[in-house]
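All remarks here apply to the structure that follows.
The values are calculated or read from the model by the stated rules, or taken from the named source; none is laboratory data. Values in this document were obtained by computation on a predicted structure and should not be read as measured data. All Cβ positions, even for glycine, are placed from backbone atoms using ideal geometry, and neighbour counts span all protein chains on display. The accessibility values were calculated without ligands, DNA or RNA, using every heavy atom of the protein model including side chains. Shrake-Rupley method; radii C 1.70, N 1.55, O 1.52, S 1.80 Å.
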Amino acid sequence: MTIKFKTRITDLLGIEHPVLCGGMMHLSDAKYVAAVANAGAMGFISALTFPDPKQLKDEIQKCRDLAGNKTFGVNLYISPRDDANSRLDNLLSVVRDENVAVVETAGGNPGFIVPLMKEAGIKVIHKVPAVRFALSAERAGVDAIILVGAECGGHPGYMMVGSMVQGAEGPQKLSTPVILGGGIGHGSQLTAALTMGCEGVLMGTRMLISEEIWAHRDYKQRIVEGTGLDSVVVQTTVKNHHRVLHNETSEAVLELERQGIKDYESFSHLLSGSLAYKAYVSGDTDQGLLDYGQSACFANEIAPVQQIISQFMDEALCAANRIPTLLR
Ligand SMILES: Cc1cc2nc3c(=O)[nH]c(=O)nc-3n(C[C@H](O)[C@H](O)[C@H](O)COP(=O)(O)O)c2cc1C
């Protein structure tokens, strides 16, 4: 009999392993998310990648066809500016009509989304970069919190608190189940997170080299060759910290910041998400702000999702088996 972990998150979501794979703009589509679900973990289709409601609906249906009865979710970005959230309404309607099991929300406060989702029986997991924001999400009634530390690919928040601190602090201060993300890529970190009181972990960067991610092989090869030390945090001068691959574009942003330039117009040509999309298509990783975290050090081989998750769980069990040997 293979031993499996059972936590409040495996129970809440009805998944085999306490492992979530966060939504990734342009990349987490039906094929990838279904592969994650079929490997016993849970992934999220990035709604903003399919901004036309019809497209999102099709992608959810495709994922359902590929994942059978396995649970998967949709990632929704909430802008901190209320006036910028108008297109969310249509996407929320699709999520409700399609009876998606879970949403991963990130960005602004999820307060207005929670009652809408609860009414439809959809669970809300809100992702934040510090416990302080988790407390207000908890008050809003979310079902679980993802805490991401400063190591993460994407947006670590301006406070830059590391995952080791967040993983111990979160469960002390929150009654809602905590999932730890940021720099996670080796199964022993799952065991560490569980022993700190977390109920699961979340990965992003580690999964970029999955066979099922559609991006160009040269892009994945660059990540395989990367060490994670080649990630940099840009836009700190405007408190919009963004951890990305160190390349020509991120270096150009850093240079403008070193010069003390702050107006958005000087940066806009470098910040465009279409540059990242082009890099995924062409495999040319010199251009674009490419979300990329320190856990790239664990992404050493392009492999199917099933293999990555299964290896991750073996590592977690190996670490768990070590614990009794340390006790006297
Ligand atoms: C390429 C890439 C794209 C991402 N896009 C999104 C996104 O659109 N929405 C979101 O909430 N998080 C996004 N993230 C963050 C991940 O969902 C996750 O929180 C993060 O990668 C976890 O940290 P890790 O990279 O250290 O594993 C992205 C991350 C990566 C690596």
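I need the shape label for segment 151-202. Rule: rounded when a/c is under 1.5, else prolate if a/b > b/c, else oblate, with a, b, c from the alpha carbon gyration tensor. If you can, show how the numbers build up before the last one.
Numbers: a/c = 1.95, a/b = 1.16, b/c = 1.68.
Oblate is the answer for segment 151-202, as a/c is 1.5 or above yet b/c matches or exceeds a/b.
Using 1/(1 + (r/R0)^6) with R0 = 51 angstrom and r between the beta carbons of Ile261 and Asn69, what's the FRET efficiency to the nearest 0.05? Kindly include the intermediate steps, with their values, before the conclusion.
Numbers: r = 52 Å, r/R0 = 1.03.
According to the calculation, E is roughly 0.45.
Using a Förster distance of 25 angstrom, determine the FRET efficiency expected from the C-beta separation of Tyr277 and Thr236, and round it to 0.05.
Details: r = 24 Å, r/R0 = 0.97.
Efficiency computed from Cβ-Cβ geometry: 0.55.
Would you list which lysines come within 16 Å of Lys54, measuring only between C-alpha atoms, while excluding same-chain residues fewer than 8 positions from it?
Leaving aside lysines fewer than 8 places away in the same chain, those within reach of Lys54 are Lys62.
For the chain, set up a GNM with springs between Cα atoms under 10 Å and report which of Gly111, Gly260, Gly162 has the largest fluctuation.
The residue that fluctuates most here is Gly260.
Grab the Cα-Cα distance for Thr227 and Gln61, subtract it from 0.36 nm times how many residues apart they are, and report the gain in nm with one decimal. It would help to have the intermediate numbers written out before the result.
On the way: separation 166, 0.36 × 166 = 59.76 nm, distance 3.67 nm.
Result: 56.1 nm gained on full extension.
Quick one, can you get me the convex hull of the C-alpha atoms of segment 217-294 expressed as volume per residue in Å³? Mind dumping the intermediate values first?
Working: hull volume 5.8 nm³, N = 78.
In segment 217-294, the Cα convex hull volume per residue is 74 Å³.
What does the accessible area per residue of the chain come to in Å², with a 1.4 Å probe and no ligands, DNA or RNA counted? Mind showing how you got there, number by number?
Numbers: 14270 Å² over 328 residues.
Result: 43 Å² of accessible area for each residue.
May I have the pair-distance distribution P(r) for the chain, computed from all Cα-Cα distances with 20 Å bins from 0 and rounded to whole percent?
P(r) for the chain, in whole percents per bin: 33, 61, 6, 0.
Could you please put His186, His17 in sequence from largest to smallest accessible area, using a 1.4 Å probe? Each step should come with its number before you reach the end.
Numbers: His186 60, His17 20 Å².
Descending order: His186, His17.
Given R₀ = 51 Å, FRET efficiency for Leu48-Arg322 by Cβ-Cβ distance, to 0.05? Numbers along the way, then the final one.
Working: r = 41 Å, r/R0 = 0.80.
Between Leu48 and Arg322 the formula returns 0.80.
Could you rank Lys62, Lys262 by how accessible they are, 1.4 Å probe, largest area first? Kindly include the intermediate steps, with their values, before the conclusion.
Working: Lys62 100, Lys262 125 Å².
Order by accessible area, largest first: Lys262, Lys62.
List the relative contact order of the chain as a percent without decimals, with contacts defined as Cα pairs under 8 Å and 6+ residues apart.
On the way: 688 pairs, mean separation 52.8, N = 328.
Taking the mean separation of contacting Cα pairs over the length of the chain, I get 16 percent.
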